[in-house]
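Shown next, in C-alpha cells, is the structure this report addresses.
Derivation of every value follows stated rules applied to the coordinates shown; laboratory data play no part. These figures come from a predicted structure and were not determined experimentally. No Cβ is skipped: glycine too gets one built from the backbone with ideal geometry, and neighbour counts run over all protein chains shown.
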C-alpha cells in the first residue's frame, strides 16, 4: 500500500480528468474567444512573484492567506493569489509609452491558503482581462459588456452584474469630514447592508443629519437604472454627483449594446481594498453563494510599479462558474436551484 | 428571476430562537406547517403556497448555510455571526434573544485581568475572544475552546476567566462568578446571502419589510 501522502492530493488541491476536464477546457475556450473578439492579447506572468507585488497596500489577499517561501537570497516569494497586480507589474515594466492603451487577457491558477474545512479550493483557475491606459467611461463600459458577453458565452442565461462606484461613498465621506478609522467602520457596516448598526454609528459620530440620512440609505441603494436617479437626488456634494454621472454614462453605453437587463447598480458595494478607485462590480448567478466574477477600476495600482496609468479589468472564477453551470443544468422544472 | 416556484429557503437556529421566529413568521401570515411540532423528525418544512421553506440547524451552522447559498436567509444570534465571521448581509435586528457577551470569572480574577499578564480564557467563542483581547485590550491570552458549561472552567481551575453570553447572570451567581467586563450586546439577527440579495431582491426585501412591521405590532 502506498502511503496517504503519495496517493492523495493535499486538502484544497485536486486532479481533474475525463469529462470534467474536457468541459472545463471547452468553457475556457468559449471565454477565450470572447476576449479575443474584443481584441485582447494574452499575457503570461510567472506563478511566483516577490511578496512586495502582493503586499497589503496593493494586494487583495491578507498576508496570512498567501503561500510564502524564500529564494536562496532570503527574499520572500509568494504564489500569486490573483492576477491583477502581476499584470500591472508586467505592463509597467515592459511596455513603452506608446503601447498604451493596452488590452491584455490572462488565464491560469491562483493560490489562496484559506482556512480548512470551508469546502474551498486552494488552487483555483481564473481568467480575466485588464484594459490599461484608458480612464474613460467607454473603457468601463467595454469591460462591463465583456463581462456580460463572457458569462453569456459560458452558457449562463440568468445572471446579474452588480455595479458600484466607490467615488460616491468617498465623496460623501469627504463632505461629512469623517476621520479615516471611522470611515472603515462605516464602510464595513454599509457593505454588510446593516442599516441598524450603521444608524447607531452615525449618531455616535455626530454626522450632519442630512448626510447621515444619505449614508443610512446606502445599504438599500441598489437595483436597476432607477436607482441612479435616486442616488443623484441624494448626492450631497459634487464628487458624489460626478460618480452618479459616470454610471449614467456607462448605463447609456450598455443600453446601446442591449445589455441593460444583465446590469444592476449598487451604491453600497464597497470593498476594503483601497486599490479600487472608480467602478467596482461583482457578477452573481443562481447555484453558487459567491460571485462568479469580480472587477473594477484601479487607477493607482500601476503607480506602485513606477508608471501612472489608469486601468480597469475583471476576473472570472472558473471553478465557481463551473459549479453554477453544473447545478443549474441539474435543475428539474419547478425545483429549487439550491446546491 | 420571475419564477415564483423557486422557494426562498430560510435557516433557523434550533431551539428557543426558532420558536420565536416561527411565531413572527406566523404573524406575517406565513405558517410553517409542522415546524412547530417538537416530536417531528422532518428536517425541512415547506409552505408551497408562499414559496418559502424552513429548516432548523445548529446555531454555528446557520451562517455557513447562508454563506454558501444553501439557505437564502438565516436567523441567528449576533454572537454566532461575529464568531463565524463570514461575509453575509445583516439586514434586521429582531430584538429578541437579547443577552450580552461578557468576560466573567471570580471577583479575584479582576486584578489579574487588569495586570497585563497572560490570561487564560475558556470560551465557545475563540475568534471573538482573540479579537477582543488582542485588538481591544491589547493583551496576550491563552484561549481554551470548550463546547458547553463554560462556567465550570474557572471553578475547576482550567482557566482564569471565561467569555460567554450572559442573559440574567443567575448561572454565574450560583457558581460564584461575576461579570468582569461587557464586550458587546447580542440579539437575534436576520442575515441574507449576498447572491440571493441580488437575484431575489424583491421577494427578500418584501419579506424583511413584513418582519420589520410585525415586530412593531
request  = Could you list the square roots of 5 times each eigenvalue of the Cα gyration tensor of region A:1-66, that is, the equivalent ellipsoid semi-axes, sorted largest first and rounded to whole Å?
outcome  = 29, 26, 10
ask   = Which order results if A:28, B:163 are arranged by neighbouring Cβ count within 10 Å, fewest first?
value = A:28, B:163
inquiry  = Of all beta bridges DSSP finds with both residues in chain B, what is the antiparallel percent, to the nearest 5?
reply    = 60
ask   = Cα-based Rg of region A:145-285 per 2.2 N^0.38 Å, rounded to two decimals?
value = 1.07
ask   = For helix B:16-27, what angle does its Cα long axis make with the longest principal axis of chain B, in degrees from 0 to 90 and rounded to 10?
value = 30
key: Radius ratio Rg over Rh of chain B, counting only Cα atoms, Kirkwood formula for Rh   = 1.04
ask   = For B:66-75, what's the mean count of beta carbons from other chains sitting within 10 Å of each residue's beta carbon?
value = 3
remark   = Computed on Cα atoms, Rg of region B:134-177 relative to 2.2 N^0.38 Å comes out at 1.25
inquiry  = If neighbour count is taken as other Cβ atoms inside 10 Å, put B:118, A:271, B:64, B:168 in order from fewest to most.
reply    = B:168, B:118, A:271, B:64
query = What fraction of the Cα pairs in region A:216-258, stated in percent, has a spacing above 11 angstrom?
reply = 66
request  = Treating the angle as unsigned and between 0 and 90°, give the value, to the nearest 10°, between the Cα long axis of helix A:84-94 and the longest Cα principal axis of chain A.
outcome  = 80
ask   = For helix A:18-37, what angle does its Cα long axis make with the longest principal axis of chain A, in degrees from 0 to 90 and rounded to 10?
value = 50
key: D_trans [Stokes-Einstein, Kirkwood Rh over alpha-carbon pairs] for region B:99-185, 20 °C, 1.002 mPa s, µm² s⁻¹   = 171
ask   = Could you give the alpha-carbon Rg of region B:84-123 over 2.2 N^0.38 Å, rounded to two decimals?
value = 1.79
query = For region A:244-309, what does the alpha-carbon gyration tensor say about shape, rounded, prolate or oblate, given a ≥ b ≥ c as the root eigenvalues, a/c under 1.5 as rounded, and a/b over b/c as prolate?
reply = oblate
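I'd like the antiparallel share, as a percent to the nearest 5, of DSSP beta bridges with both residues in the protein assembly as shown.
In the protein assembly as shown, approximately 75 percent of DSSP beta bridges are antiparallel ones.
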ask   = When only C-alpha pairs under 8 Å and at least 6 residues apart count, what is the relative contact order of region B:99-185, in percent?
value = 49
request  = Mind pulling up the Rg/Rh value for region A:133-182? Radius of gyration and Kirkwood radius, both on Cα.
outcome  = 1.19
key: Solution diffusion estimate, µm²/s, Stokes-Einstein, the protein assembly as shown, Kirkwood Rh from C-alpha pairs, 4 °C, viscosity 1.567 mPa s   = 50
P(r) histogram, all alpha-carbon pairs of region A:81-212 included - 10 Å bins from 0, percent = 9, 24, 28, 28, 10, 0
request  = Just need the Rg to Rh number for region A:62-135, please, alpha carbons only, Kirkwood Rh.
outcome  = 1.06
key: Residue-averaged 222 nm ellipticity for the protein assembly as shown, from DSSP H runs of 4+ at -39500 (n - 2.57), nearest 500   = -11000 deg cm²/dmol
request  = Using only atoms on other chains, find how many Cβ atoms lie within 10 Å of each Cβ of peptide B:191-204 and report the average.
outcome  = 5
task = Among DSSP beta bridges lying fully in region A:162-284, give the percent that are antiparallel, nearest 5.
result = 75
ask   = Taking square-rooted eigenvalues a ≥ b ≥ c of the alpha carbon gyration tensor, is region A:1-126 rounded, prolate or oblate, where a/c under 1.5 means rounded and, failing that, a/b exceeding b/c means prolate?
value = oblate
Neighbour-count ranking [beta-carbon atoms within 10 angstrom, fewest first] of A:25, A:207 = A:25, A:207
query = What is the average number of partner chain Cβ atoms found within 10 Å of a Cβ in A:152-160?
reply = 1
